[in-house]
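Taken together, the values in this text are just the output of simple stated rules run on the coordinates, not laboratory data. Source: prediction; values computed, not measured. With ideal geometry, Cβ positions are generated from the backbone for all residues, glycine too; neighbour counts draw on all protein chains shown.
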Amino acid sequence: MQYPVLMVGDVRLINREVCSYSLQLKGVHLPKNAICSSSDSNVDSCHGDDGGMLVCADADRKWLLHGIIISHGCHGVDPTIYVNVSAYSDWIKKPDVPISSPIVG
């Protein structure tokens, strides 16, 4: 099902070691620059959500982008994995990067 508007839900971040262990049981490797989340409810990422955002409010109540979904858990069954945007902040801020440059993490 596709929704015509951006959907919002609260998820909790998972400790990297716990997330990595959970994924290893299923034969999945956690990328080096990744963040994991999960949910106890049906409020989580699922099919069609790849590329979605993980945003958190800072102390000034401004929304900051922290992650981009690269793998979804669907209804809390598995963790959702995000690329950690801050790991690429220097590359993102660099004004002279050609579009064809590969992202190396």
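For the reader, a short list of remarks on this structure follows.
- Label sites at LYS32 and ILE68, each approximated as a point 7 angstrom past Cα along Cα to Cβ, lie 1.9 nm apart.
- Nearest-0.05 FRET efficiency for ALA87 and GLN24, computed from C-beta distance (R0 22 Å): 0.55
- MET7, MET53 arranged by Cβ crowding within 10 Å, fewest neighbours leading: MET7, MET53
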